[in-house]
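Note sheet for the following structure.
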Amino acid sequence: MASKILVADMPELMENIFNNLNNEITRSSLRSCALVNRYWCKMAVPILWQDPFSSVQRPLFISKYFSSLEEDEKLGLKEFLEERGINEEFSNTLFDYARFLK
C-alpha cells in the first residue's frame, strides 16, 4: 500500500525542509524559497531571521530590523543616527523581524 501525504502534514513537512536549508551553503536556496509565494515566504522568513548574523553576506538585515521597530523607537533611533552623521531611511516591513531573532 502506497503511503499518502495528508495536506494537513504539509506545513510540518515544509518547515522540516526549510530548516534543513538553513546553513551557510544552502541559505541562498532558502532565500529563493521565500520568493516563491506568500505561504513559502511566511515559512522561510522566520527561519532566515533566527540567526541573521550567521550570513556571510553584507549585513543588510540591520536596516530591515530597524524598520520593524515601533514608530517612536524608529524616531529615537533616527535622531541617534543623525547625530552621528548617519542618514538612514526606514521603510515599512511585512514582518516583525525582531520577533524571529534568537
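Residues that are within 17 Å of Leu94 (Cα to Cα) and exposed (fewer than 11 other Cβ atoms within 10 Å of the Cβ) within segment 22-43 comprise Leu35, Asn37, Arg38, listed in sequence order. Filtering segment 69-86 to residues that are assigned to a loop (DSSP other than H, G, I, E, B) and either at positive phi or open to solvent by 50 Å² or more (accessible area, probe 1.4 Å) (or both) leaves Glu70, Arg84, Gly85, Ile86.
Contact map, segment 22-42: residues that are modelled with pLDDT of 80 or more paired with residues that are polar (S, T, N, Q), Cβ distance under 7 Å, separation 6+ or inter-chain. Pairs shown: Leu30/Asn22.
The values are calculated or read from the model by the stated rules, or taken from the named source; none is laboratory data. Just so it is clear, the model here is predicted, and its values are computed rather than measured. Cβ atoms come from the backbone with ideal geometry, glycine included; neighbour counts cover every protein chain shown. Just so you know, the surface numbers come from the protein's heavy atoms only, side chains and all, with ligands and any DNA or RNA stripped out. Shrake-Rupley method; radii C 1.70, N 1.55, O 1.52, S 1.80 Å.
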